[in-house]
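S.K.: Sending over a structure as structure tokens; questions will come in a sec.
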Amino acid sequence: MKLTNKRRPTAVVVGVAVASLALAACGGGDDGGSSGGKVTLSFLVDNSETSVATAKGLADAYHKKNPDVTIDVEQRPQGGDGDNVVKTRLSTGDMTDIFMYNSGSLFQALNPKQTMVPLEGDYVDTLADAFKQSVTADDKVYGVPFGTFMGGGVLYNIPAYKELGLEVPKTWSQFEENSDKIKAAGKTAVIQTYGDTWTSQLLVLGDYHNVAEQEPDFADDYTAGKAKFADTPAALTGFEHTQEVHDKGWVNEDFQSAKNADGMRMLAQGDGVQYPMLTFAMAEVAANYPDQLNDIGFFGIPGDDESTNGATVWSPGGIYIPATTEGDKLKAAQDFVAYAASPDGCQAQIEATPPQGPMGVTGCDLPADVTQVVKDIQTYTEKDGASTPALEFLSPIKGPALEQILVEVGSGIRDAKSGAALYDEDAKKQAQQLGIEGW
Amino acid sequence: MATVIGKARVEEPAAAPVKAPRRKHAGIQSHYPFWFYLPAGVVYAVLFLVPTFIAFYFSLTRWGLFSQEFIGLDNFRQFFNEPGLLQGLKNSLIYGVITSALKVVLGLLLAVLLTSQIIARGWLRSVIFFPVLVSTIGVGITFTILMNPQQGLINKTLEVFGIHGPGWLTNPSLAIYSVALVDVWKGVGLATVIYIAGIVSIPRDYFEAAEMDGATAFERFRHIILPLARPATVTVIILSLIGGLRSFDLIWAMTGGGPGFSSDVIASVIYKQYQAGFYGLSTAGNVILFFAVTLIVLPIFWALNRKQVDM
């Protein structure tokens with residue numbers, strides 16, 4: 001009696017972790033009906049406003065064309081918790097019939113060769129190369145674009161820039177001058193929002209265009225384990241910038257607890273002038289501050305050399321079919337995926353949510369009335385050599401703790417150099433887990 | 001404890017053709033036939049023992065979505081090199097000790113108060129117990145909002161008195177303590193109830209005798225309640241220490257282990273590894289947590305129980 005009493009609670013700790021896996025495996029596949037020619041497909045997307053609206057828009061448009069097929073949109077959390085859901089459901093064979101997930105390194109971590117159905121058909125050739133590359137594993141394409149390309153750089157408040165007589169910076173030192181002037185004018189120069197930890201990464205991830213300009217082979221060397229952030233000066237710069245915005249007092253007072261939505265509010269209302277961010281966050285402005293939509297512009301994170309100025313871009317997420325989808329459902333799912341990548345499907349996505357950047361399908365042009373941010377991104381993507389995909393689309397290795405490390409660097413808890421070294425260790429774990437040579 | 005109930009119940013199986021009563025001599029304390037234990041044993045084995053041993057194996061592998069590769073003790077080596085680990089270990093200890101100490105002290109004092117003759121005693125008892133019933137995540141989110149350094153109610157209130165409140169959850173050296181305090185707020189009700197049961201079960205005779213001898217209220221507390229409520233103290237310490245050492249949900253809801261890694265505990269380090277897809281590594285972490293908790297709790301359990309016997 002005594003023995004079991006003291007053992008049980010500790011056993012539970014270990015037990016629960018493993019038991020939950022075992023239990024999850026017991027749950028069978030979905031029982032969506034496919035009787036009488038009617039098919040119901042389940043479609044898992046993250047619960048951000050943009051994703052849900054895009055998914056529902058696509059689902060409805062497809063259902064109108066194919067009344068026999070109904071698509072149920074299911075939601076999951078964003079970020080790390082969402083990764084958990086997707087990985088667990090895939091590994092237990094419990095995934096929905098189609099699902100949306102990131103492209104690039106996160107896509108690679110799902111082991112697409114085993115978990116997904118490769119896509120075939122003419123439409124695959126119409127996908128933009130930069131996107132196709134980010135959903136390809138072993139020469140097979142697994143996804144079609146969900147949403148648009150995004151820019152990762154600095155969103156800035158145009159009226160405030162005009163009022164202070166500032167120009168869009170082409171080098172980091174110009175950015176420093178601008179920030180000092182904004183601070184002197186009593187406004188927040190650089191918004192940071194570590195209440196949502198993922199937002200801490202932009203000054204590093206968004207700096208990749210500049211890294212690639214200085215070290216063109218960085219992505220390959222990094223994947224091979226030969227190049228590291230801590231001892232590649234170009235790559236270390238992003239960490240140093242993250243530290244600098246804090247040390248120079250450019251950030252908002254509540255940077256430790258503010259969330260992404262707070263940051264976008266400050267930016268839209270002009271209390272904060274520059275926000276290192278992904279452009280998809282503009283959906284927040286479109287929803288809550290529609291009058292300020294065109295008050296916000298975008299520029300790539302400037303590097304040291306004005307002549308190589310450019311921006312880092314993010315590929316859209318993808319729509320994938322898990323290997324567990326079979327029979328009628330597989331056919332319907334393949335047809336839906338082809339539709340999503342067709343000009344019609346692309347148009348349905350544009351109608352569902354205002355685009356945040358160029359589309360991932362060739363022949364699908366943006367409407368003329370796009371926002372200022374999208375116009376700004378296009379000036380980079382349409383100019384040769386002025387845009388580079390983010391590192392996570394060029395290398396399968398992205399350490400999971402980057403956001404926490406950068407919160408430390410950006411809060412003055414840790415310095416840039418040791419932050420970068422710590423991240424290299426973190427990336428090593430990911431590389432070993434993926435079984436990559438050289439680590 | 002099982003003897004009375006056990007004998008009453010054993011009659012039924014005895015009537016069956018199985019010669020159950022004879023088994024009595026086989027085991028030392030076997031009041032039931034063997035098959036009577038079987039269902040519980042199977043459930044326990046399938047849901048607890050088997051996963052535990054499988055976990056030991058998987059902790060030695062690099063375990064992906066579909067494959068695993070045996071890598072010996074590499075996971076343990078890597079886990080001990082984890083930057084957040086030392087901090088996590090320290091935080092787990094701090095958290096466990098603070099929460100169980102405060103629960104013992106506050107729980108005992110509240111129980112003494114709530115067993116005395118005060119107005120609205122029943123109502124007060126339920127008020128104290130109420131937070132135990134609320135969802136931990138809900139409590140976490142609520143307190144995150146209350147503890148917001150700029151807009152939170154706590155710092156707004158302090159401002160009225162001219163005090164500039166700290167960043168309860170955003171100051172790296174403060175965050176873990178703030179969460180521990182919320183844990184105490186939420187959990188002290190259970191400790192109080194355990195103590196109330198302990199105090200109420202102390203025979204009235206002792207108090208009457210003490211009163212005859214002219215003992216003061218403090219002396220009654222010191223010499224009667226404190227020693228005779230020891231079983232309750234043992235329960236509260238063990239429960240809250242184990243709970244504290246493996247605490248996760250409240251910390252995750254309030255800080256996510258942040259800012260940075262400053263409020264990471266072992267469980268959140270493990271969870272983050274699991275989230276990243278490092279299943280083998282996080283299983284190794286669980287094995288370590290299992291041994292750490294056992295190592296800490298077993299000696300305390302023995303020590304506390306021995307004293308109980310001495311009395």
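The values are calculated or read from the model by the stated rules, or taken from the named source; none is laboratory data. Since the model is a prediction, treat every value here as computed from it, not as a measurement. Using ideal geometry, Cβ is built from the backbone for each residue, glycine included, and neighbour counts are taken over all protein chains shown.
S.K.: For B:Leu295, all conditions in the list (1) part of a loop (DSSP other than H, G, I, E, B); (2) without any contact (Cβ under 8 Å) to a residue 60 or more places away in the chain hold save one; what is the number of the exception?
M.R.: (1)
S.K.: Can you tell me which residues in the stretch A:137-159 are β-branched (Val, Ile, Thr) and either surrounded by fewer than 19 Cβ atoms within 10 Å (Cβ to Cβ) or closer than 19 Å to A:Asp46 by Cα (or both)?
M.R.: First pass over the stretch A:137-159, keeping only residues β-branched (Val, Ile, Thr): A:141, A:144, A:148, A:154, A:158.
Of everything in the stretch A:137-159, those that are β-branched (Val, Ile, Thr) and either surrounded by fewer than 19 Cβ atoms within 10 Å (Cβ to Cβ) or closer than 19 Å to A:Asp46 by Cα (or both) turn out to be A:Val144, A:Thr148, A:Ile158.
S.K.: Quick check on the stretch A:82-106: of everything there that is assigned to a loop (DSSP other than H, G, I, E, B) and touching a Lys or Arg at 6+ places or on another chain (Cβ under 9 Å), which residue is nearest to the other protein chains (Cβ to nearest Cβ)? Spell out how you get there, then give the answer.
M.R.: The first filter runs over the stretch A:82-106 and keeps only residues assigned to a loop (DSSP other than H, G, I, E, B), leaving A:92-97, A:102-104.
Those left that are additionally touching a Lys or Arg at 6+ places or on another chain (Cβ under 9 Å): A:95-97, A:104.
Details: A:Met95: 11, A:Thr96: 17, A:Asp97: 19, A:Gly104: 15 Å.
Among residues in the stretch A:82-106 that are assigned to a loop (DSSP other than H, G, I, E, B) and touching a Lys or Arg at 6+ places or on another chain (Cβ under 9 Å), the one nearest to the other protein chains (Cβ to nearest Cβ) is A:Met95.
S.K.: Is at least one residue of the stretch B:300-311 among the acidic types (Asp, Glu) and touching a residue at least 60 places away in the same chain (Cβ under 8 Å)?
M.R.: No, because not a single residue in the stretch B:300-311 is among the acidic types (Asp, Glu) and touching a residue at least 60 places away in the same chain (Cβ under 8 Å).
S.K.: Let me ask something additional. Identify, from the list B:Leu110, B:Leu93, B:Leu86, B:Leu73, the residue that is touching a helix residue (DSSP H, G or I) at 6+ places or on another chain (Cβ under 6 Å) and not polar (S, T, N, Q). Show your work before the answer.
M.R.: Working: B:Leu93 fails: touching a helix residue (DSSP H, G or I) at 6+ places or on another chain (Cβ under 6 Å); B:Leu86 fails: touching a helix residue (DSSP H, G or I) at 6+ places or on another chain (Cβ under 6 Å); B:Leu73 fails: touching a helix residue (DSSP H, G or I) at 6+ places or on another chain (Cβ under 6 Å).
One residue alone meets the criteria, B:Leu110.
S.K.: While we're on this one: Among the residues of the stretch A:386-405, what is the count of those that are more than 9 Å from chain B (Cβ to nearest Cβ) and either of a type in the set (A, V, I, L, M, F, W, C) or assigned to a loop (DSSP other than H, G, I, E, B) (or both)?
M.R.: Here the count works out to 10.
S.K.: May I ask you to list the residues in the stretch A:188-207 that are within 13 Å of chain B (Cβ to nearest Cβ) and in a loop (DSSP other than H, G, I, E, B)?
M.R.: A:Gln192, A:Thr193, A:Tyr194, A:Gly195, A:Asp196, listed by residue number.
S.K.: Follow-up. If you take the residues of the stretch B:45-66 that are more than 7 Å from chain A (Cβ to nearest Cβ) and either touching a residue at least 12 places away in the same chain (Cβ under 8 Å) or within 14 Å of B:Gly277 (Cα to Cα) (or both), which of them is surrounded by the fewest Cβ atoms within 10 Å (Cβ to Cβ)? Reasoning before the result, please.
M.R.: Just the residues of the stretch B:45-66 that are more than 7 Å from chain A (Cβ to nearest Cβ), to begin with: B:45-46, B:49-50, B:53, B:56-61, B:63.
Cutting the leftovers down to either touching a residue at least 12 places away in the same chain (Cβ under 8 Å) or within 14 Å of B:Gly277 (Cα to Cα) (or both) gives us B:56, B:58-61, B:63.
Values: B:Phe56: 16, B:Phe58: 23, B:Ser59: 24, B:Leu60: 19, B:Thr61: 20, B:Trp63: 23.
For the stretch B:45-66, the residue satisfying everything is B:Phe56.
S.K.: Mind checking which residues of the stretch A:246-294 are among the polar types (S, T, N, Q) and under 25 Å from A:Ser315 (Cα atoms)?
M.R.: A:Asn260, A:Gln274, A:Thr279, A:Asn294
S.K.: Okay, moving on. Which members of the stretch A:220-275 meet the condition of being β-branched (Val, Ile, Thr), under 26 Å from A:Pro290 (Cα atoms) and within 14 Å of chain B (Cβ to nearest Cβ)?
M.R.: The one that is β-branched (Val, Ile, Thr), under 26 Å from A:Pro290 (Cα atoms) and within 14 Å of chain B (Cβ to nearest Cβ): A:Val251.
S.K.: Please verify whether B:Thr216 is of a type in the set (Val, Ile, Thr) and in contact with a Phe, Trp or Tyr (Cβ under 9 Å, 6 or more places away or on another chain), treating the condition exactly as stated.
M.R.: no
S.K.: Does B:Thr192 fit the bill of being surrounded by 13 or more Cβ atoms within 10 Å (Cβ to Cβ), touching a residue at least 60 places away in the same chain (Cβ under 8 Å) and within 12 Å of chain A (Cβ to nearest Cβ)?
M.R.: no
S.K.: Quick check: is even one residue across the stretch B:180-197 out of contact with any helix residue (DSSP H, G or I) (no Cβ under 9 Å at 6 or more places or on another chain) and not hydrophobic (A, V, I, L, M, F, W, C)?
M.R.: Scanning the stretch B:180-197, I find no residue that is out of contact with any helix residue (DSSP H, G or I) (no Cβ under 9 Å at 6 or more places or on another chain) and not hydrophobic (A, V, I, L, M, F, W, C), so the answer is no.
S.K.: Could you go through the stretch A:358-368 and let me know if any residue there is of a type in the set (S, T, N, Q) and surrounded by fewer than 22 Cβ atoms within 10 Å (Cβ to Cβ).
M.R.: Of the stretch A:358-368, the ones of a type in the set (S, T, N, Q) are A:362.
Subsequent filtering for residues that are surrounded by fewer than 22 Cβ atoms within 10 Å (Cβ to Cβ) retains A:362.
Yes, there is a match, as at least one residue in the stretch A:358-368 is of a type in the set (S, T, N, Q) and surrounded by fewer than 22 Cβ atoms within 10 Å (Cβ to Cβ).
S.K.: Can you tell me which residue in the stretch A:406-424 is surrounded by the most Cβ atoms within 10 Å (Cβ to Cβ), limited to those that are assigned to a helix (DSSP H, G or I) and at the interface with another protein chain (Cβ under 7 Å from one of its Cβ atoms)?
M.R.: The selected residue is A:Val407.
S.K.: So A:Ser200 fits all but one of (1) in contact (Cβ under 8 Å) with a residue 40 or more places away in the chain; (2) within 30 Å of B:Gly165 (Cβ to Cβ); (3) surrounded by fewer than 22 Cβ atoms within 10 Å (Cβ to Cβ); what number is the exception?
M.R.: Of the numbered conditions (1) in contact (Cβ under 8 Å) with a residue 40 or more places away in the chain; (2) within 30 Å of B:Gly165 (Cβ to Cβ); (3) surrounded by fewer than 22 Cβ atoms within 10 Å (Cβ to Cβ), the odd one out for A:Ser200 is (3).
S.K.: Output the residue which, of all residues in the stretch B:198-250 that are among the basic types (Lys, Arg) and surrounded by 15 or more Cβ atoms within 10 Å (Cβ to Cβ), is farthest from the chain's Cα centre (by Cα).
M.R.: B:Arg220
S.K.: Further question on the same structure: Which of the residues spanning the stretch B:235-259 are within 11 Å of chain A (Cβ to nearest Cβ) and part of a helix (DSSP H, G or I)?
M.R.: Listed by number, the residues that qualify are B:Thr235, B:Ile238, B:Leu239, B:Leu241, B:Ile242, B:Gly243, B:Leu245, B:Trp252.
S.K.: Pick from B:Gln78, B:Gln117: which is over 29 Å from B:Pro227 (Cβ atoms) and polar (S, T, N, Q)?
M.R.: Step by step, each of B:Gln78, B:Gln117 is checked, and only B:Gln78 is over 29 Å from B:Pro227 (Cβ atoms) and polar (S, T, N, Q).
S.K.: Just the residues that are among the polar types (S, T, N, Q) and within 14 Å of chain A (Cβ to nearest Cβ), please, taken from the stretch B:99-149.
M.R.: B:Ser100, B:Thr144, B:Asn148
S.K.: May I pose another question? Out of the stretch A:114-144, which residues are assigned to a strand (DSSP E or B) and of a type in the set (Val, Ile, Thr)?
M.R.: A:Thr136, A:Val141, A:Val144, listed by residue number.
S.K.: So which of B:Asp264, B:Asp249 is in contact with a Ser or Thr (Cβ under 6 Å, 6 or more places away or on another chain), acidic (Asp, Glu) and modelled with pLDDT of 85 or more?
M.R.: Step by step, each of B:Asp264, B:Asp249 is checked, and only B:Asp249 is in contact with a Ser or Thr (Cβ under 6 Å, 6 or more places away or on another chain), acidic (Asp, Glu) and modelled with pLDDT of 85 or more.
S.K.: What are the pairs with Cβ atoms under 9 angstrom where one residue, in the stretch B:249-266, is more than 14 Å from B:Leu93 (Cα to Cα) and free of Cβ contacts under 8 Å to residues at least 40 places away in the same chain and the other, located anywhere, is buried (at least 24 other Cβ atoms within 10 Å of the Cβ) and of a type in the set (Gly, Ala, Ser)? Sequence gap at least six, or different chains.
M.R.: Here the result reads B:Gly256/B:Ser263; B:Gly256/B:Ser268, each pair linking the stretch B:249-266 to a residue that is buried (at least 24 other Cβ atoms within 10 Å of the Cβ) and of a type in the set (Gly, Ala, Ser).
S.K.: Filter the stretch A:425-439 down to residues that are farther than 23 Å from A:Gln243 by Cβ and in a helix (DSSP H, G or I) and give me whichever is modelled with the lowest pLDDT.
M.R.: So in the stretch A:425-439, the residues farther than 23 Å from A:Gln243 by Cβ come out as A:429-439.
When the remaining residues are screened for being in a helix (DSSP H, G or I), the result is A:429-434.
Working: A:Lys429: 87, A:Gln430: 87, A:Ala431: 89, A:Gln432: 86, A:Gln433: 84, A:Leu434: 81.
Checking each candidate, the answer is A:Leu434.
S.K.: A further question follows. Consider A:Lys64 against the criteria (1) assigned to a helix (DSSP H, G or I); (2) at pLDDT below 85; (3) away from chain B (no Cβ under 11 Å): it satisfies all of them except one. Which criterion is unmet?
M.R.: Of everything listed in (1) assigned to a helix (DSSP H, G or I); (2) at pLDDT below 85; (3) away from chain B (no Cβ under 11 Å), A:Lys64 misses just condition (2).
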